[in-house]
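Below is one structure, written out as structure tokens; comments come after it.
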Amino acid sequence: MTLQLGDIAPNFEARTTEGLIRFHEWLGDSWGILFSHPRDFTPVCTTELSAVATLKPEFAKRNVKVIGLSVDPLHRHRRWADDIRDFGGTALNFPIIGDDHQTVAQLYGMIHPAHDELYTVRTVFVIGPDKKIKLTLTYPQTTGRNFDEILRVIESLQLTHTHSVSTPANWQKGEAVIILPSISDEAAKDKFKAGWVEIKPYLRLTPDPTAQTARAS
Ligand code: BEZ
């Protein structure tokens, strides 16, 4: 069955480049990103894992733990780590699951047989501190993902989680956000001291509550 938004991310035990983990325990109270790549020692995958290693401090700042996966065995992940470091200049700094029995890949629907019967496609699962799935992405094997976009989505998800706002198309951190339509004007007066601009009764823009200088314009 396909995993959907709001489902509990299935728990599992797996061997990783940083030792045995029990997924839910490993996540603890953090947000999580579980992502698959098709194969070690392939070009797009090398650029992706390098990009994630470079962005790791940004994820950590936002209380997000990152874990990769492919169906390669651990000893290949370990050898490939040198190439990841050579390409991006940052050493591999997050665990990769050695899923050579496809246990986690099958559990999370990461193999799409009509695309490739053996190897995982490029999936991303963003998981909240409540262990629920907040975002899923599936990319074909030939397209590298934009991990800055995944960081942007995390910013948006966390704003919704703590401030009852949503984010408009192409939103970037610091720009105006949308007061959830479920919040009445009365309640919004208490909650959004910086006020808002009403574009439509259902579309009220307010400064990004986490940005000191943002303006609702
Ligand atoms: C790549 O990483 O370049 C790649 C891996 C599997 C299939 C296609 C491309």
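Coordinate-derived values only; no laboratory data. The structure displayed is predicted, hence computed values, not measured ones. Here the Cβ is made from the backbone with ideal geometry for all residues, glycine too, and neighbour counts use every protein chain on show.
For the reader, a short list of remarks on this structure follows.
- Over the chain: helical MRE at 222 nm, DSSP H runs n ≥ 4 each giving -39500 (n - 2.57), nearest 500: -9500 deg cm²/dmol
- Note on the chain: with a GNM built from Cα contacts shorter than 10 Å, the maximum mean-square fluctuation among ILE199, ILE133, ILE150 falls on ILE199.
- Volume of the convex hull of the chain (Cα atoms only), normalised per residue: 136 Å³.
- Charge dipole magnitude, Cβ of K and R +1, D and E -1 - the chain, Cα centre, debye nearest 20: 460 debye
- Top positive-direction residue, dipole computed over the chain with Cβ charges, set ALA194, ASN93, VAL165: ALA194
- Farthest towards the positive end of the charge dipole of the chain, among the residues ILE154, LEU5, PHE23, is the Cα of ILE154, using unit charges on the Cβ of Lys, Arg, Asp and Glu.
- Which of PRO129, LEU180, CYS45, positive extreme of dipole for the chain (C-beta unit charges): LEU180
- Cα centroid separation, the range 142-194 to the range 36-53 (Å): 29 Å
- Centroid-to-centroid separation of the range 68-111 and the range 1-35 [C-alpha atoms, Å]: 15 Å
- Share antiparallel - DSSP beta bridges, the chain, percent rounded to 5: 70 percent
- Sorted ascending by nearby beta carbons within 10 Å, beginning with the fewest, MET1, MET110 become MET1, MET110.
- Check: the range 163-216 dipole with +1 on Lys, Arg Cβ and -1 on Asp, Glu Cβ, in debye: 80 debye
- Ranked for footprinting exposure by Cβ neighbours inside 10 Å, fewest first, HIS101, HIS161, HIS77 give HIS101, HIS161, HIS77.
- Sorting ILE178, ILE84, ILE8 from the fewest to the most surrounding beta carbons within 10 angstrom yields ILE8, ILE178, ILE84.
- Peptides 60-67, 141-148 ordered by packing proxy, namely the average of other Cβ atoms within 10 Å per residue, highest first: 60-67, 141-148.
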